[in-house]
Amino acid sequence: MLRSWRVKLKLLLATVTLAVLLSWLYLFVGSLEYGRFLLLPPCLGEQPSRDVEREALASQVRRVEEENQQLRLQLGQAQADGSDGSPPWGASTEDGESGNRTACPKQRTVHKCELLHVAIVCAGHNASRDVVTLVKSILFHRKNPLHFHLITDSVAQQILQTLFQSWMVPSVHVSFYNAEDLKDSPEVSWIPNKHYSGIYGLMKLTLAKALPSSLSKVIVLDTDITFATDIAELWAIFGKFSDKQVIGLVENQSDWYLGNLWKNHKPWPALGRGFNTGVILLLLERLRRLGWEQMWRLTAERELMSMLSTSLADQDIFNAVIKQNPALVYRLPCFWNVQLSDHTRSEQCYTEVSDLKVIHWNSPKKLRVKNKHVEFFRNLYLTFLEYDGNLLRRELFGCASLPSPPSDQLQQALEELDEDDPCYDFRRQHLTQHRVHLFFLQYEFPAFIDPADVTLVAQLSMDRLQMLETICKHWAGPISLALYMSDAEAQQFLRYAQASEVLSARRNVAYHIVYKEGQFYPINLLRNVALANTQTPYVFLTDIDFLPMYGLYDYLRNSIQQLELPNRKAALVVPAFETLHYRLTFPKSKAELLSMLDMGSLYTFRYHVWPKGHAPTDYAKWRTATMPYRVEWQPDFEPYVVVRRDCPKYDQRFVGFGWNKVSHIMELDAQEYELLVLPNAFMIHMPHAPSFDISKFRLSAGYRGCLQTLREEFHQDLSRKYGAAALKYLTAERGL
């Protein structure tokens, strides 16, 4: 450091000397020129003397310039050999970037088609939601292909793998790495950690080993990061690393590592204020050559002898290593990690909105953190939180993308559609690829599966949200729900569920968000999503507008055992009733229900508008039945049933209103399922405003015509699938 300042002093003196000489030369030459006009011509003998003086002066100027250049080279070398190769807080860096803002726009140094690699450690339901917001902010600004390397537990992998597969963002690749292997291995499991991130907060230490050996560099991000600029700008900084630097970090903006926050506060050793590891640039190839694994392990073992545990997870160990090896770190300008924890110096990282690059919500308080400009930061975060992810499916023109079979097949199917077809909108909706976020809220997977256990399966949109609490009060067992919502509505639902005492107390209700796209309600897609993500052997296929009778969950499990359903192919029918009153004293038994039925406060479901839908249940027989009884399939029969989880899927060509359940029951019959009506089970439909799709069905002849076309095509497909046995359905439909 002393050598560096000596070189700087020499450079300053040389610069002053050069300026003086140049001024002298200017005045000298000017006086000669002026003399030509005002004085007599000089004597012939004086000319050589003046030429010699001029040449001598020019020679001296050249010599000083050469010395100046040599001093600049020495200064650059001194900076490269310095303690950490970077200036103190707020000072200018060697490339002209100040500690808190960029003086002028930098020319883009990353090729527009260069693949950028990003690594994120993620575990659990909540962190998975955070990753989605982070990824949205990156995709919004990006101009390059991206490869996300996600180190996840099994829960986060299931959620994020489904999300990215259904998102289908062009030029985005995703690889998953099993965090469970790292967690249970001796890599980091031996390190005591007090940080709320738990053992997953230590896994960034293992990336040089966990990521592919062919990967030479990567940007590592915490899940609570929001980007306000193109990530390629951060990637370009790799090109500024010296030969010795392997890690790019922003200085910590709190006083944590200064050790003065409270009496007897003893943080891990750090260089100055230390560094924050929410944003890291890693040159993996160099780290591997340096023996990074052994380096950090030895450092951690030594420090844990006195510290006993980490307080800030991997950040403590990174800082301890850098303290011992300061030449490894490249100090990033602090706007690349504006840290919004309490009592930070983050305000020194920006003076204008344009200065912001990366916002880091690194306080446990998250959006409730105290900061002078927190309202602005919160609004920026909420913008991406509620941003329509469908709008981020944009192509990167001019860059060749890797082939994606699902995407290519979908594109081919879309191109084959006839836009002049009157039913084009229906067919287009059927091919729409909806984003799916499974297990949006905390869900506890059962440790033991009861062979007779059953999950209630339903779907809903925002306008049916009020039914959730009541259903949870009626049904104690597991529930799987598919919710059709926009990104903004999903956040409203999240706040609603977290504020509800009933919903927040349940850990056996799985909420799967299917994001809105298209003009029709994709009812059978929603049912299939909810059905596919159940965990029990049996499912109760119902609709969100129905309240099951109290105790139905236990009754169904007993019926499954008594009827020996594991050994037979059967669908248990739960008789459906309805009320026209918004307030209902719910019957506690079959006897009470029959009394209300006789009094006219309850009705058999849809008897006055669609009797064919449930008439085959034979309500007259049900009134006196004490044992399950078998009924035969009839046209338009659409009961609510309990079946095995591996039952046929719903046909997704049926969207909006009409034939979505009828087609499913028809296929159950084609597969020779018995239809058994349960004598002591019932459910009651609660009144609600008509849906938008049923209004279209009633008002549009074109809608009804397309539904008829889809029915005929379904019959044809059923005949091809099940042969001559399926002809009875077409015959019955035509009344032959």
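Tell me which residues, restricted to region 328-344, are surrounded by fewer than 17 Cβ atoms within 10 Å (Cβ to Cβ) and either farther than 17 Å from Glu251 by Cβ or in contact with a Cys (Cβ under 8 Å, 6 or more places away or on another chain) (or both). Please lay out each step first, then the result.
Taking region 328-344 as the starting set, the residues that turn out to be surrounded by fewer than 17 Cβ atoms within 10 Å (Cβ to Cβ) are 342-343.
The one that is surrounded by fewer than 17 Cβ atoms within 10 Å (Cβ to Cβ) and either farther than 17 Å from Glu251 by Cβ or in contact with a Cys (Cβ under 8 Å, 6 or more places away or on another chain) (or both): Asp342.
Name the residue that is modelled with the lowest pLDDT, counting only residues in region 613-650 that are part of a helix (DSSP H, G or I) and either open to solvent by less than 20 Å² (accessible area, probe 1.4 Å) or within 13 Å of Lys661 (Cα to Cα) (or both).
Of region 613-650, the ones part of a helix (DSSP H, G or I) are 613, 615-617, 619-624.
Next, only the ones that are either open to solvent by less than 20 Å² (accessible area, probe 1.4 Å) or within 13 Å of Lys661 (Cα to Cα) (or both) stay: 613, 616-617, 622.
Numbers: Gly613: 90, Pro616: 95, Thr617: 97, Trp622: 97.
Only one residue tops the list, namely Gly613.
Can you tell me which residue within region 411-447, out of those that are outside any loop (DSSP other than H, G, I, E, B) and of a type in the set (Phe, Trp, Tyr), is least open to solvent (accessible area, probe 1.4 Å)? Talk me through it step by step, then tell me what you get.
Residues of region 411-447 outside any loop (DSSP other than H, G, I, E, B): 411-415, 424-431, 436-437.
Filter again for of a type in the set (Phe, Trp, Tyr), leaving 424, 426.
Numbers: Tyr424: 53, Phe426: 16 Å².
Ranking the qualifying residues of region 411-447, first place goes to Phe426.
Hey, any hits in region 582-604 for a residue that's assigned to a helix (DSSP H, G or I) and touching a strand residue (DSSP E or B) at 6+ places or on another chain (Cβ under 6 Å)?
Here is the first cut: in region 582-604, the ones assigned to a helix (DSSP H, G or I) are 590-599.
Those left that are additionally touching a strand residue (DSSP E or B) at 6+ places or on another chain (Cβ under 6 Å): none.
So far as region 582-604 goes, no, none of its residues is assigned to a helix (DSSP H, G or I) and touching a strand residue (DSSP E or B) at 6+ places or on another chain (Cβ under 6 Å).
Starting from region 190-208, keep only residues that are without any contact (Cβ under 8 Å) to a residue 24 or more places away in the chain, then list their pairs with residues that are among the acidic types (Asp, Glu) whose Cβ atoms are within a distance under 6 Å, requiring at least 6 positions of separation or different chains.
As it stands, the answer is none, since no pair meets every condition given.
Could you please find all residues in region 156-194 being under 24 Å from Leu438 (Cα atoms), assigned to a loop (DSSP other than H, G, I, E, B) and open to solvent by 20 Å² or more (accessible area, probe 1.4 Å)?
Within region 156-194, Met168, Pro170 qualify.
Take His512 and tell me if it is touching a His at 6+ places or on another chain (Cβ under 8 Å), open to solvent by less than 40 Å² (accessible area, probe 1.4 Å), assigned by the TED database to the domain that holds Pro451 and modelled with pLDDT of 95 or more. Reasoning before the result, please.
Working: touching a His at 6+ places or on another chain (Cβ under 8 Å): yes; open to solvent by less than 40 Å² (accessible area, probe 1.4 Å): yes; assigned by the TED database to the domain that holds Pro451: yes; modelled with pLDDT of 95 or more: yes.
Considered against the rule, which asks whether it is touching a His at 6+ places or on another chain (Cβ under 8 Å), open to solvent by less than 40 Å² (accessible area, probe 1.4 Å), assigned by the TED database to the domain that holds Pro451 and modelled with pLDDT of 95 or more, His512 comes out as yes.
Which condition from (1) modelled with pLDDT of 85 or more; (2) outside the structural domain of Asn528 (by the TED database) is the one that Asp408 breaks?
(1)
If you go through region 371-390, how many residues are charged (D, E, K, R) and assigned to a helix (DSSP H, G or I)?
First pass over region 371-390, keeping only residues charged (D, E, K, R): 372, 375, 378, 386, 388.
Filter again for assigned to a helix (DSSP H, G or I), leaving 375, 378.
Residues in region 371-390 being charged (D, E, K, R) and assigned to a helix (DSSP H, G or I): 2 in total.
Within region 526-548, is even one residue touching a helix residue (DSSP H, G or I) at 6+ places or on another chain (Cβ under 7 Å), open to solvent by 30 Å² or more (accessible area, probe 1.4 Å), over 21 Å from Tyr673 (Cβ atoms) and in the same structural domain as Ser480 (by the TED database)?
No, region 526-548 contains no residue that is touching a helix residue (DSSP H, G or I) at 6+ places or on another chain (Cβ under 7 Å), open to solvent by 30 Å² or more (accessible area, probe 1.4 Å), over 21 Å from Tyr673 (Cβ atoms) and in the same structural domain as Ser480 (by the TED database).
Taking Leu211, is it under 24 Å from Lys136 (Cβ atoms) and in the same structural domain as Tyr350 (by the TED database)? First the steps, then the outcome.
Working: under 24 Å from Lys136 (Cβ atoms): yes; in the same structural domain as Tyr350 (by the TED database): yes.
So Leu211 fits the description; yes.
Consider region 304-327. How many of its residues are without any contact (Cβ under 8 Å) to a residue 60 or more places away in the chain and surrounded by fewer than 20 Cβ atoms within 10 Å (Cβ to Cβ)?
Residues that pass the stated criteria total 6.
Give me a count of the residues in region 293-333 that are within 30 Å of Glu233 (Cβ to Cβ) and β-branched (Val, Ile, Thr).
Number of matching residues: 4.
Go through (1) in a loop (DSSP other than H, G, I, E, B); (2) over 30 Å from Pro687 (Cβ atoms); (3) of a type outside the set (A, V, I, L, M, F, W, C) and name the single condition Gly477 misses.
That leaves (2) as the condition not met.
What do you reckon, is Asp651 in contact with a helix residue (DSSP H, G or I) (Cβ under 7 Å, 6 or more places away or on another chain), of a type in the set (Asp, Glu) and closer than 20 Å to Ser719 by Cβ? Before you say what the answer is, go through the steps one by one.
Details: in contact with a helix residue (DSSP H, G or I) (Cβ under 7 Å, 6 or more places away or on another chain): yes; of a type in the set (Asp, Glu): yes; closer than 20 Å to Ser719 by Cβ: yes.
When the stated conditions are applied, Asp651 passes them.
Determine which member of the set Gly735, Gly656, Gly705 is loosely packed, with under 14 Cβ neighbours inside 10 Å, assigned to a loop (DSSP other than H, G, I, E, B) and either at pLDDT below 90 or in contact with a Cys (Cβ under 7 Å, 6 or more places away or on another chain) (or both).
Gly735
Check whether at least one residue in region 659-682 is assigned to a loop (DSSP other than H, G, I, E, B), of a type in the set (Ser, Thr, Tyr) and within 25 Å of Arg630 (Cβ to Cβ), and report yes or no. Lay out the reasoning, then the answer.
The first filter runs over region 659-682 and keeps only residues assigned to a loop (DSSP other than H, G, I, E, B), leaving 659-661, 671-673, 678-682.
Within this subset, residues satisfying the condition of being of a type in the set (Ser, Thr, Tyr) are 673.
This time we only want the ones that are within 25 Å of Arg630 (Cβ to Cβ), so: 673.
Taking every residue of region 659-682 in turn, at least one turns out to be assigned to a loop (DSSP other than H, G, I, E, B), of a type in the set (Ser, Thr, Tyr) and within 25 Å of Arg630 (Cβ to Cβ).
The values are calculated or read from the model by the stated rules, or taken from the named source; none is laboratory data. Keep in mind it's a predicted model, so treat the numbers as computed, not measured. Note: ideal-geometry Cβ built from the backbone for every residue, glycine included; neighbour counts use all protein chains shown. Only protein heavy atoms, including side chains, enter the accessible area calculation; ligands, DNA and RNA are left aside. Shrake-Rupley method; radii C 1.70, N 1.55, O 1.52, S 1.80 Å.
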